[in-house]
Each structure stands twice: as structure tokens, then as C-alpha cells.
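Notes to accompany the following structure.
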Amino acid sequence: MKISIITVCKNAAATIKDTLESVSSQTWPEIEHIIVDGLSDDNTLDIVARYSHVSKVISEKDEGLYYAMNKGIGLATGEIIGILNADDVYASKDVIHQVMCSFDDSSINVLYGNLVYVHRDNLNSVFRYWKAGVYKKEKFHAGWSPPHPTFFVRNIFYKQYGLYDTRFKIAADYELMLRFLFKNSLNPFYLDMLIVKMRVGGISSRSIRLRLIANREDRRAWEVNGLKPHLFTLILKPLTKLKQFIFKWQK
């Protein structure tokens with residue numbers, strides 16, 4: 001069974017080597033690694049060209065991160081699709097092996113696991129630990145969502161339920177997971193292992209202003225799906241991050 005891993009990048013020369021080596025070192029034999037580049041003007045593509053495991057590269061102007069993700073999904077031929085951004089790495093060489101063995105169970109529609117935020121210059125320096133926990137539908141009302149970089153989906157469900165909604169600039173990943181899991185009740189599997197190391201500095205966490213925009217988009221994610229959050233759902237969502245710092249110190 002083949003998995004397609006999509007890496008979206010633009011001017012990622014400082015970090016993409018780590019991402020490429022992370023994928024190339026995976027023990028699972030059937031990996032299609034797709035690079036979607038937004039016309040980098042540094043040496044990102046020169047670095048990509050050094051890695052023979054890369055299956056497809058497309059470099060052209062696009063309209064943002066989620067457009068690029070959708071482009072990659074459109075190119076994917078694997079039965080399973082995962083997204084690994086150019087700042088991130090898989091936590092160990094057998095991550096994809098464990099993911100794909102889990103998908104041997106045909107009742108599993110999507111899979112997610114745990115994630116650590118690490119400092120940009122040291123992938124072993126943990127900033128906070130996101131232990132996702134077993135899925136319960138009502139958790140979404142309490143502000144929960146899975147870590148998007150650990151979110152793997154059977155390709156067929158992108159065709160059935162749609163791609164990333166590019167009307168969202170920051171929270172399209174949250175909207176998609178809400179749509180797949182909460183609205184359409186896809187069956188998820190929680191793989192209780194560390195899957196991704198993510199460098200700090202994600203788009204929604206760079207400033208208070210962007211966090212406020214993300215919060216408004218989180219609300220709209222419920223609205224566009226005809227869903228209604230509880231009174232405190234969107235207040236609780238950013239507060240759930242506090243547990244990640246606490247869990248880090250317990251590790």
C-alpha cells in the first residue's frame with residue numbers, strides 16, 4: 001500500500017533538508033513524496049534535486065499554503081495521504097511504517113498521533129508536547145482538535161468530502177478536520193506515539209493579531225459546516241495549549 005506525503009514550501013532552504021532526510025530515511029517501502037513549491041528564489045529546489053526519493057516536484061506561483069496543499073492532493077496517487085511541511089520532520093524512521101500498518105485495518109478512515117514543538121535550531125530541544133489523546137466527538141466542543149501535521153487520511157475521502165477550503169487563510173486545516181471527523185463522522189485511529197517534530201513559529205501562533213484572526217476563522221469553520229459550537233468552545237480552543245506545556249514537564 002502506497003502513501004503520498006506532500007511537502008509545501010517556499011524559500012525553505014534553511015530547513016527543507018531535514019524534512020527531505022526525514023522522509024527518505026523512512027523504512028516503509030512505498031512512499032510517494034510530492035514537493036509543491038511556490039516559486040522559491042533561494043536554493044530550495046537545488047536541495048530538493050539532491051534527493052532521489054522525491055517522486056514529483058511542481059514549482060509555480062500559487063495563492064497560498066492551502067492552495068498548494070490541494071494541488072499536492074490532486075497529484076497524489078497513494079491510498080493514504082499525509083502532509084509534512086518544510087519546517088517539520090518525522091520523529092523516527094519507523095513512523096510511516098507504524099502509520100501504514102495501522103491502516104491495514106480497513107475500518108480506519110483517518111489516523112493521528114502526538115507531536116512536539118521544538119526550537120528552530122535544535123530539533124531535540126522540546127518546547128511543548130502535544131499528546132493528542134483518544135478521539136471522542138464531544139471533545140471538539142471542548143476546544144480539542146488533532147495535531148494537523150500528524151493527520152493522515154485515506155485519499156478517497158478527499159474526493160468524497162472535499163479538499164482544504166481556501167477561503168480560510170489560517171484555519172483551513174481545523175475546518176477540514178472538523179468537517180471530516182465531527183460533521184461526517186469518519187472513523188479515526190489514535191496512534192499513541194510521537195509522529196512529528198514541528199519547529200515553533202506556525203502561521204497561527206506568530207502574533208496576537210494572527211491568533212485573533214485564527215479564532216474568527218475557527219468560528220466560521222463551524223458555521224460553514226452548518227454546525228454550532230458550545231458557548232465556550234472557541235475560548236477553550238487556545239487554552240488547550242496550556243496542557244501541552246504541563247505535559248512537557250511531566251515527560
Given contacts defined as C-alpha pairs under 8 Å and at least six residues apart, what's the relative contact order of segment 3-250, whole-number percent?
22 percent
Can you give the angle from 0 to 90° between the axis of helix 208-224 and the longest principal axis of the chain, with both taken from C-alpha atoms, to the nearest 10?
70 degrees
Taking the Cα centre of the chain as origin, sum charge times position over the Cβ atoms of Lys and Arg (+1) and Asp and Glu (-1), and report the length of that vector in debye to the nearest 20.
1160 debye
Compute the helix-to-body angle for 241-250: its Cα long axis versus the longest principal axis of the chain, expressed 0 to 90° and rounded to tens.
70 degrees
Sorted largest first, the C-alpha extents of the chain along its principal axes in whole angstrom are 51, 39, 39
Note down the magnitude of the dipole of segment 68-157 about its Cα centre, charges +1 on Lys and Arg C-beta and -1 on Asp and Glu C-beta and zero elsewhere, to the nearest 20 debye.
300 debye
Distance violations [Cα-Cα > 31 Å] among K61/K183; K93/K228; K71/K197:
K61/K183; K93/K228
Signed unit charges on C-beta, dipole axis of segment 3-250, positive-most listed residue L84, L227, I31:
L227
Please work out the Cα convex hull volume for segment 90-204 and give it in Å³ per residue.
112 Å³
Could you tell me the largest-minus-smallest coordinate of the C-alpha atoms of segment 1-128 on each of the three principal axes, in descending order and whole angstroms?
43, 35, 26
Taking the 0 to 90 degree range and rounding to the nearest ten, how far is the long axis of helix 65-75 tilted relative to the main principal axis of the chain, both from C-alpha atoms?
60 degrees
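Bear in mind these aren't lab numbers, they're just calculated from the coordinates by the rules spelled out. Nothing here was measured: the structure is a model prediction, and the numbers come from that model. Cβ atoms come from the backbone with ideal geometry, glycine included; neighbour counts cover every protein chain shown.
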